[in-house]
Every structure is written in C-alpha cells, then in structure tokens.
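Notes follow once the structure below has been shown.
The values are calculated or read from the model by the stated rules, or taken from the named source; none is laboratory data. Here the structure is a predicted model, which is why all the values come from computation and not from measurement. Note: ideal-geometry Cβ built from the backbone for every residue, glycine included; neighbour counts use all protein chains shown. SASA here: full protein model, heavy atoms, side chains in, ligands and nucleic acids out. Shrake-Rupley method; radii C 1.70, N 1.55, O 1.52, S 1.80 Å.
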Amino acid sequence: MLSIKDLQVSVEGKPILKGLNLEVKPGEIHAIMGPNGSGKSTLAHVLSGREGYSVDAGTAAYKNLDLLDMAPEIRAREGMFLAFQYPIEIPGVNNTSFLKKALNEIRKHRGDEELDAIDFLSLIKKQMKLVEMKEDLLKRPVNQGFSGGEKKRNEILQMAVLNPTLAILDETDSGLDIDALRIVAGGVNKLRSEDNAFVVITHYQRLLDYIVPDFVHVLSDGKIIKSGTKDLALELEERGYDWLLEKAESPS
Amino acid sequence: MAENTKQLANWIQDQLQADHDQNFALSAQTRAASLKILDAGVFPTRKDEEWRYTPLNTLLDQNIGAAKSDVPNADSIQTFKNAVPEAHHLVFINGKFSESLSDDLDSVKESGYTVKLMSQLTSDEQLQAEGTIRDAKLSDDNIFQHLALGLSQFGLFLDVANHTEVKTPLHLLNVATHEASTSLTNPVNVIHVGVNSRLKVIEQFVSLSDAQAVTIPASFMALEEGSGLEHFKIGLESDSTDHVSNTSVQVGANAHFTSHQYLLGSRLTRSNMEVGFAGPGASTTLRGIYLGDGTQHLDVRTYLDHAHPHCNSDQHFRGILNDHSRGVFNGLVLVREHAQKTDAKQSNKNLLLSRDARVDTKPQLEIFADDVKCAHGATVGELDEDALFYLQSRGISKEDAGLMLTRAFAAEITEDIGIEPVQEYVEANISSRLNELSLANV
Ligand SMILES: Nc1ncnc2c1ncn2[C@@H]1O[C@H](COP(=O)(O)OP(=O)(O)OP(=O)(O)O)[C@@H](O)[C@H]1O
Ligand SMILES: [Mg+2]
C-alpha cells in the first residue's frame with residue numbers, strides 16, 4: 001500500500017530525512033517512535049503533500065501511484081489521511097459544512113453519489129458517538145477555540161467520517177487524558193480492517209496498549225534505525241533511546 | 001490639460017447656466033454656498049492627502065448627458081427587490097423616483113413616519129430637512145457633496161417622530177440604466193429619527209446591463225436622543241460606473257447608529273462617512289466589506305468625531321482584493337479634549353488574493369482626552385497557507401479552499417447584519433463575485 005524507498009527530504013537546505021525506508025501493507029498498523037526533532041512530522045507532512053519540503057532523493061509509492069507527484073487533495077481523495085500533530089484553527093469555516101464538503105469531494109472522486117445534508121448528518125452523528133464528541137463542536141468554526149483534546153478528537157472524527165485507506169496519526173495521543181486516549185484508540189480499532197492501514201506516530205508506549213501495532217520503528221536523525229514488534233516499544237519505554245543511538249553512531 | 005478632461009466640470013457649468021429652468025431638491029438659500037464652490041470648480045487631485053491613493057481622471061472624463069430615464073420593466077428589477085422581501089420598496093431610476101415600480105408612498109408611511117420626495121415637502125418639512133443638512137459639518141473642499149447639495153433635483157426625506165418604532169425596513173433601490181451617454185445621479189437624502197425612535201434603511205445601488213453611470217449621492221442623517229438607526233448600503237453597480245458617496249451622521253445622546261457597507265461593484269467607489277456624536281452616551285457600529293476584482297478601485301473613508309464623553313465607536317472594515325484591484329481604507333478617529341471615557345475601536349483587515357492587488361490602509365487616532373480606551377489596527381495578508389493545506393489534506397481543492405477561506409473572512413463581517421434575508425443576499429453576492437474570480441495565485 002505504501003512503499004517508501006531511500007527518502008531524502010530537506011527544508012530550506014537543511015537535510016531532515018536522510019534515506020528513509022518503510023513498507024506498509026493493507027491491514028497493518030505501524031508505530032513510529034523517536035526523539036523530538038528526528039523527522040516524524042516531516043515524514044507525515046511530506047507524505048500528505050505539504051509545501052515547503054524539497055524531496056532530494058527517493059520515492060514514495062501509494063497504491064502504486066507516485067505519491068510525491070500528487071496534489072495534496074488528490075492524495076486525500078485517494079484515501080490518505082493525516083491527523084495533524086497541531087490541528088489548524090480555521091475561523092469562519094463551519095466544522096460540519098467543511099467536513100461535508102471534504103467527504104463529498106472524496107465520494108465524487110470515487111464515483112460515489114454525494115451525500116445530501118440529511119444523510120450526512122446521520123453519518124456524522126453516528127461517528128460522533130464513536131469519538132464521544134460534544135455536538136456543539138460541530139456548529140463551531142473548524143477547531144477554533146477547541147481545547148487540545150477536542151482538537152484531537154475532531155481529527156479522529158474527520159478520520160471516521162472520511163474513512164481513509166491509509167491514515168497517519170501524528171501524536172494524536174499527546175495532550176489527551178486517559179479517557180480520551182481510550183476513545184481515540186477505540187476509534188482507530190473500530191475503523192481497522194483488512195483493507196486499510198495506520199501509521200501511528202507517538203512518544204508513548206501507553207497508546208500501543210490500546211492500538212496494538214504490528215511493527216514499531218525508531219526514527220532518529222532522519223532514518224529508521226531500528227524496527228521490531230510491539231516489544232520494542234516496551235524496551236524503549238524502559239531503556240530510552242540512548243542505547244540505540246549509540247549503536248547507530250558507532251559503525252561496527 | 002486637454003479639453004476632454006473637463007467633462008464633468010463642463011456639465012456642472014452647463015447646469016449652473018441653466019439654473020433658472022430647473023426644480024432643485026433644496027432651497028436657493030441652502031444651495032447658494034454649494035453653487036459658489038461648484039462655480040470655482042476645483043476638483044481634488046492626488047496631491048490632496050484625502051485623495052492621495054484615488055485617481056479621479058476617469059470619473060472627471062465621463063461624457064455626461066441627460067438621462068432619458070426610460071422605466072425598465074418590473075421583472076428586470078424583481079431580483080433586487082427580493083433581497084429584502086419584508087420591506088417597503090422605493091425604486092429610483094437614474095435618481096428619479098419611479099412611482100410605477102415602487103410601493104405606494106401612502107402605504108409606506110405610517111403614523112409618526114414621514115416618507116416624502118424632496119420635491120414634495122411642505123415648507124415646515126423643508127426647514128427641518130435643511131436644518132439636518134446644516135447641522136452636519138460641511139467642508140468646503142468636498143466638492144462631490146456640494147455637487148449633490150447644489151444641483152440635485154431628486155432626493156428623499158425620511159422623518160420618524162419621537163417614540164416611534166418603524167417595524168418595516170425601507171428598501172431604497174437605486175437603478176442605473178443604459179443611456180446614450182453617461183448618466184449622472186446626485187440625490188440628496190435626509191433621514192431624521194426622533195427621540196427614542198427606531199428605523200432601518202437598506203440602500204442598494206445596481207445597474208442594468210452595461211449602464212454607464214456616475215452616482216454621487218449625499219446623505220444626511222440625524223439621530224435624536226435615545227434613538228436607533230440601522231443603515232445598510234449594498235453597492236452592486238457594474239464596472240462601467242463610478243460611485244462617490246458622502247454620508248454625514250449626527251448621533252444624539254444615548255442614540256446608536258449602525259452602518260453596514262458592502263461595496264462590491266463599480267469601477268471606482270469612494271465612500272466617505274462622517275459620524276459625529278452630539279451628546280454623551282452616543283455610540284456607533286460601522287461595518288464594511290470592499291471587494292475588488294479586475295482594475296476596480298475601492299476607497300473607504302470614515303471620520304469619527306468623539307465630541308462628547310462616554311461615547312463608543314466600533315469600526316470593522318475588511319477588504320478583499322483580487323487581480324489588479326486596489327483598496328484604500330482611511331479611518332480617522334478624533335477624540336476631543338472633553339470626550340472622557342471614550343471607547344473607540346477600529347480594525348481594518350485586508351486579504352490580497354493576487355500579487356498585483358494592492359491596498360493602502362491608514363487607520364488614525366487623534367486623542368486629546370486622557371481617560372479613554374482606544375484600539376486600532378490594520379493588517380494586510382494573504383490566504384493562510386496552513387489553513388489552505390489543512391483543507392486540501394481533507395480532499396478539498398486548493399481553489400475551493402481559497403474560496404472557503406475568503407468567504408469565511410467576509411462572513412466575520414456579514415454575520416452581524418442582523419436582518420437574515422439581507423445577510424443571505426449579501427453573502428450570496430459575495431460568493432458569486434468570488435466564484436467569478438480566477439484565484440490564479442492562490
Ligand atoms: N519549516 C522548517 N524550517 C526549518 N526547520 C524545520 C522546518 N520544519 C521542520 N524543521 C526541522 O526539522 C526537524 C524535524 O522536525 P519534525 O517536526 O519532523 O520533528 P518530529 O520528529 O516530529 O519532532 P516532535 O517529536 O518534537 O514532534 C527539526 O529539527 C525541525 O526543527
Ligand atoms: Mg512531530
């Protein structure tokens with residue numbers, strides 16, 4: 001589904017991703033962990049098509065399409081979804097009409113009929129229960145004045161409504177209380193299927209108790225320096241990153 | 001200067017010569033001072049600070065002719081009437097009142113509410129109307145205001161008696177029609193709202209087909225103690241029209257004046273609004289949007305005179321400028337020495353949608369009192385890249401995302417309109433204008 005080979009990305013001339021490889025197959029959940037500033041969000045942004053990054057080498061294929069050559073909205077319509085580490089506030093744009101527009105763009109692209117207001121409302125009501133979000137947040141401008149946790153739930157609500165094939169969750173668990181964490185994880189688990197995949201970026205092993213990954217990768221200084229199963233996350237929790245970093249630095 | 005650069009001036013001279021044959025809106029006495037100023041014929045240039053950013057060549061070069069004022073058929077203006085379904089409609093064709101297209105004047109007025117054409121005033125009413133004009137602090141160098149005062153043949157007088165709430169809004173629909181040469185319309189309107197009374201007026205300016213028109217209205221409004229006036233101006237004239245308006249408002253003690261201006265049309269728009277507080281506790285809310293495309297030029301000027309203590313003013317204007325259009329915002333808030341406890345807010349935000357669009361904004365505060373709360377600010381920006389990307393990342397095209405953000409930018413002003421159909425109408429017009437834009441540089 002997603003195949004990243006030797007991806008090298010720089011920002012304003014500064015190399016950030018330095019030869020990253022990642023294979024994600026349908027039905028899999030991959031967790032990416034790693035120190036602050038190692039390039040996790042950069043990877044998420046490059047994959048979703050944000051401007052300002054220069055791809056210096058490497059490829060990223062998604063469903064056999066050249067991902068890096070597609071406009072961000074086309075990636076989304078093809079089933080990619082990024083839950084932002086810092087969701088953007090958009091004053092004046094109503095949360096519901098924004099999400100309806102987004103869903104219908106994706107449906108149009110797939111050749112499905114657009115949903116009218118009534119069908120959309122019943123869909124969104126159902127998905128709001130999934131993330132236990134307060135209904136008045138739907139009437140507000142997108143993320144404006146939302147608490148940190150509300151913003152994250154709103155990301156998961158959008159994910160639930162848009163029903164992506166590949167979802168990248170960038171620290172969706174940061175800033176969530178334990179209850180919210182369970183709800184967000186519950187949302188992911190409900191959406192999980194044989195046909196879709198998740199890349200979950202997180203700093204906390206705790207999340208992985210709820211969303212059990214098939215693979216855990218450690219991203220450091222722009223490269224994946226170690227991959228393993230969920231046990232790797234437990235080991236990182238205990239030992240930190242230092243032992244890995246030392247190993248990576250000393251060419252043996 | 002070449003001969004043909006004085007077309008408007010020539011037209012004025014012709015009118016001055018033919019003075020005796022005409023029926024003017026105002027009395028000879030009131031007109032006299034304005035005629036002198038018109039006879040001197042000094043038009044502002046860009047050397048005048050007030051006109052620094054706004055060239056008048058095109059306006060002054062118009063070949064002005066007499067309007068035949070054929071009355072268009074009712075269907076052609078129905079959509080404009082629909083803008084304000086629950087209102088009384090008065091229709092003016094190239095400035096001239098159209099009885100056949102308007103509601104019956106007798107049905108509009110009610111007890112304590114006078115709605116009359118300037119030409120039909122009793123001598124008492126004439127005195128009152130001209131008193132309101134005289135109370136406005138006219139400046140000699142505002143030649144466009146004097147063009148209306150001195151030479152207008154048309155106008156409307158609205159008077160609400162004390163303690164009267166007029167429930168039905170009044171919709172003034174000004175229609176420019178196609179003529180062989182450019183038609184000039186210079187109405188003088190006077191609105192007087194009595195003690196503790198209420199009135200809502202919606203003024204709309206439109207043009208049919210490719211009407212060439214110059215519209216130079218002068219409005220005078222007076223609010224007595226404790227009264228309220230809500231005034232809406234919707235400018236939708238075509239891009240072969242020029243529009244220069246002057247509005248002068250006196251707000252009495254504890255009275256509240258609300259103004260909304262939606263300036264979406266015309267090749268050149270200049271809107272000058274001067275609000276003076278005539279007693280303590282007076283307040284005003286001014287809102288506006290100017291939306292430009294092509295080579296449109298939109299110039300909004302406000303002047304607020306805080307002459308009494310405990311008065312509030314709250315101004316918020318937003319500009320949306322695409323292509324090669326140009327916006328100007330010039331707002332001056334004057335807080336006089338004894339105007340303690342003044343609360344004055346002024347905000348001007350501009351959104352440039354193209355590299356060639358431009359805005360000059362100049363919010364100004366002149367404060368001579370020491371115990372006041374004043375805030376002002378201006379911003380000029382582009383569409384927010386992060387917000388654009390966020391929308392795109394959800395499947396919305398960049399162009400649609402740009403439209404959504406631009407509509408949202410405007411909605412923060414229009415949501416305060418307070419009359420639902422008017423709000424919907426204005427928002428629909430803004431949306432359709434935005435849909436026409438090629439947001440090439442988004
Ligand atoms: N626009 C930018 N300009 C300059 N440097 C940038 C820019 N964006 C990212 N970087 C740098 O790239 C590096 C990687 O940033 P990134 O946000 O990808 O880290 P991260 O792994 O997500 O960190 P965190 O765990 O703190 O979220 C950092 O050193 C950051 O400062
Ligand atoms: Mg990050």
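Here the Gaussian network model covers chain B, with springs between Cα atoms less than 10 Å apart; of B:429, B:57, B:272, B:57 fluctuates the most.
Our coupling estimate for the range A:217-229, obtained by passing each phi through the Karplus curve with A = 6.51, B = -1.76, C = 1.60 and θ = phi - 60°, is 10, 10, 9, 9, 6, x, 9, 7, 9, 7, 10, x, 9 Hz, Gly and Pro reported as x.
Ordered by 1.4 Å accessible area with all protein chains kept, B:114, A:59, B:215 run largest first as A:59, B:114, B:215. In loop segments of the range A:7-55 as defined by DSSP, the GluC sites (Glu not before Pro) with at most 15 further C-beta atoms inside 10 Å of their C-beta are A:12, A:51. Remark on the range B:385-400: accessible area falls by at least 40 square angstrom from chain-alone to full-complex state for B:386, B:389, B:390, B:392, B:393, B:394, B:395, B:396, probe 1.4 angstrom. With all protein chains kept in place, the per residue accessible area of the range B:1-106 amounts to 59 square angstrom at a probe of 1.4 angstrom. Going by accessible surface with a 1.4 Å probe and the largest first, B:404, A:159 read B:404, A:159.
Leaving out ligands, DNA and RNA, and with a 1.4 Å probe, what % of the accessible surface on chain B is carbon or sulfur?
Working: 7870 of 17390 Å².
Carbon and sulfur: 45 percent of the exposed surface of chain B.
Please work out the average accessible area per residue across the range A:137-252, using the 1.4 Å probe convention, and give it in Å². Accessible area per residue: 44 Å².
What percent does the relative contact order of chain B come to when contacts are Cα pairs within less than 8 Å and at least six residues apart?
It comes to 10 percent, rounded to a whole number.
Put A:181, B:35 in order of accessible area, highest first, and with a 1.4 Å probe you get B:35, A:181.
Annotation for the range B:242-307: trypsin sites (Lys or Arg not before Pro) lying in DSSP loop with at most 11 further Cβ atoms inside 10 Å of their Cβ do not exist.
Listed by chain and number, the aspartates and glutamates placed with their C-alpha closer than 17 angstrom to that of residue B:68 are B:99, B:179, B:210; residues fewer than eight positions away on the same chain are left out. To the nearest 10 degrees, how steeply does helix A:230-239 sit against the main Cα axis of chain A, on a 0 to 90 scale? It is inclined by approximately 60 degrees. When trypsin sites (Lys or Arg not before Pro) are flagged only if DSSP places them in a loop and at most 14 other Cβ atoms lie within 10 Å, the longest unflagged stretch of chain A comes out as A:135-252. Under 5 Å between amide hydrogens, built in the peptide plane, is the criterion, and for residue B:294 it picks out B:324, B:325 among residues at least 5 positions away or on other chains.
List, in the order given, every pair from A:125/A:151; A:126/A:190; A:129/A:230; A:139/B:200; A:101/B:233; A:40/A:152 whose Cα-Cα distance in the structure shown is over 20 Å. Don't skip to the answer; put the middle values down first.
Details: A:125/A:151 17 Å; A:126/A:190 13 Å; A:129/A:230 29 Å; A:139/B:200 30 Å; A:101/B:233 32 Å; A:40/A:152 18 Å.
Exceeds cut-off: A:129/A:230; A:139/B:200; A:101/B:233.
Amide H contacts under 5 Å for residue B:220: B:189, B:190, B:191, B:248, restricted to partners 5 or more places along the chain or on a different chain, H placed in the peptide plane at 1.01 Å from N. Could you name the lysines whose alpha carbon sits less than 17 Å from that of residue B:349, not counting residues in the same chain fewer than 8 places away? The qualifying lysines are B:362. Computed from phi, the 3J(HN,Hα) profile of the range B:381-394 under the Karplus parametrisation 6.51, -1.76, 1.60 (θ = phi - 60°) reads x, 10, 4, 6, 4, 5, 5, 4, 5, 4, 5, 4, 5, 9 Hz, with x in place of Gly and Pro.
On the accessible surface of the range A:2-249, probed at 1.4 Å, how many percent belong to carbon and sulfur atoms? Spell out each step's value before the answer.
Details: 5260 of 11020 Å².
Ligands and nucleic acids excluded, carbon and sulfur give 48 percent.
Any residues in the range A:94-142 that have 50 Å² or more less accessible area with all protein chains than in their chain alone, probe 1.4 Å, and which are they? So the qualifying set is A:98, A:101.
If you roll a 1.4 Å probe over the heavy atoms of the protein chains, what accessible area per residue do you get for the range A:1-42, in Å²?
I get 41 Å² per residue for this part.
Of the residues making up the range A:34-75, those losing 30 Å² or more of accessible area when the isolated chain is joined by the remaining protein chains, with a 1.4 Å probe, are A:50, A:51, A:72, A:73. For the range A:110-124, putting each phi into the Karplus relation 6.51 cos²θ - 1.76 cosθ + 1.60 with θ = phi - 60° gives couplings of 7, x, 8, 5, 6, 7, 7, 4, 5, 5, 5, 4, 5, 4, 5 Hz, in residue order, rounded to whole numbers and with x for Gly and Pro.
A cut-off of 5 Å between modelled amide H atoms, ignoring neighbours fewer than 5 places along the same chain, links residue B:345 with B:313, B:314, B:315, B:375.
The loop-placed trypsin sites (Lys or Arg not before Pro) in the range B:61-114, going by DSSP, that have at most 16 neighbouring Cβ atoms within 10 Å of their Cβ come out as B:68, B:109.
In Å², nearest 100, what accessible area do chains A and B bury in total when the solvent probe is 1.4 Å? Walk me through the intermediate numbers first.
On the way: alone 12300 and 18450 Å², together 28800 Å².
That pair of chains buries around 1900 Å² in total.
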